[in-house]
Amino acid sequence: MAFFAFLFYFITAVLVVVLFLYLYAKVTPYDDRKMIFEENNPAASIGFGGAILGLCIPLYSALINSGSYFDFILWAIIAMGIQLGFAYMITRIDTRFSFEKHIVSGSVAAGVLMAFLSIGIGLLNAGSMSY
């Protein structure tokens, strides 16, 4: 029975990550898929990878701290919303520090910073779930 519970939680967590990937691509103003798989843009790949880790960290926290499956789902949705909100806001800043412009141009430094910021938000997100 424990194995089926594991599968249920694991598959749900993977589906949350897949949904996040889809929504992340929608909230960023650039085409992540095209930049990564067609243009071989390392900045986009690094930033996207950081976003994945930034979500998986609070998902892990939700998995180990949730009292029930529905509790996990609620916290997973909250984690995803926070990460997506962060990505939306940070990619819309239109100054000389514009992540959109730097990532589109392939600036690895901007991609690394975007990744670390996403991971940092994920850690704060996870720590806030340690009720």
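Computed from the coordinates by the stated procedures, all read-outs in this text should not be read as laboratory data. What you are looking at is a predicted structure, and each value in this text was computed from that prediction instead of being measured. Glycine also receives a Cβ, built like all others from the backbone with ideal geometry; neighbour counts cover every protein chain displayed.
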Checklist entry - How many residues does region 55-66 hold that are of a type in the set (Ser, Thr, Tyr) and surrounded by fewer than 15 Cβ atoms within 10 Å (Cβ to Cβ)? => result 0
Checklist entry - Can you name the residue in region 14-28 that is crowded, with 16+ Cβ neighbours inside 10 Å and either of a type in the set (Phe, Trp, Tyr) or touching a Pro at 6+ places or on another chain (Cβ under 6 Å) (or both) and is also farthest from Ile78 (Cα to Cα) among such residues? => result Tyr24
Next on the checklist: Could you tell me how many of the residues in region 11-30 are in contact (Cβ under 8 Å) with a residue 24 or more places away in the chain and either touching a Gly at 6+ places or on another chain (Cβ under 7 Å) or in a helix (DSSP H, G or I) (or both)?
Outcome noted: 10
Checklist entry - Has region 69-87 got any residue that is touching a Gly at 6+ places or on another chain (Cβ under 6 Å) and not β-branched (Val, Ile, Thr)? => result yes
Next on the checklist: So, in region 72-114, how many residues would count as being in a loop (DSSP other than H, G, I, E, B) and within 21 Å of Val14 (Cα to Cα)?
Outcome noted: 0
Next on the checklist: Residue pairs, Cβ under 9 Å, 6 or more apart or interchain, first in region 46-62 and of a type outside the set (Phe, Trp, Tyr), second buried (at least 23 other Cβ atoms within 10 Å of the Cβ) and not in a helix (DSSP H, G or I). List them.
Outcome noted: Gly47/Thr28; Ala51/Thr28
Checklist entry - All but one of (1) farther than 25 Å from Leu15 by Cα; (2) exposed (fewer than 15 other Cβ atoms within 10 Å of the Cβ) hold for Tyr69; which doesn't? => result (1)
Checklist entry - Of all residues in region 29-54, how many are under 25 Å from Ala76 (Cα atoms), surrounded by 21 or more Cβ atoms within 10 Å (Cβ to Cβ) and among the polar types (S, T, N, Q)? => result 0
Checklist entry - So which pairs qualify, if the first residue must be in region 75-95 and in contact (Cβ under 8 Å) with a residue 40 or more places away in the chain, the second must be part of a loop (DSSP other than H, G, I, E, B) and β-branched (Val, Ile, Thr), the Cβ gap must be under 8 Å, and the two must be at least 6 apart or on different chains? => result Ala87/Thr28; Tyr88/Thr28; Thr91/Thr28
Checklist entry - Is region 31-38 home to any residue that is part of a helix (DSSP H, G or I), of a type in the set (Phe, Trp, Tyr) and either touching an Asp or Glu at 6+ places or on another chain (Cβ under 6 Å) or without any contact (Cβ under 8 Å) to a residue 60 or more places away in the chain (or both)? => result yes
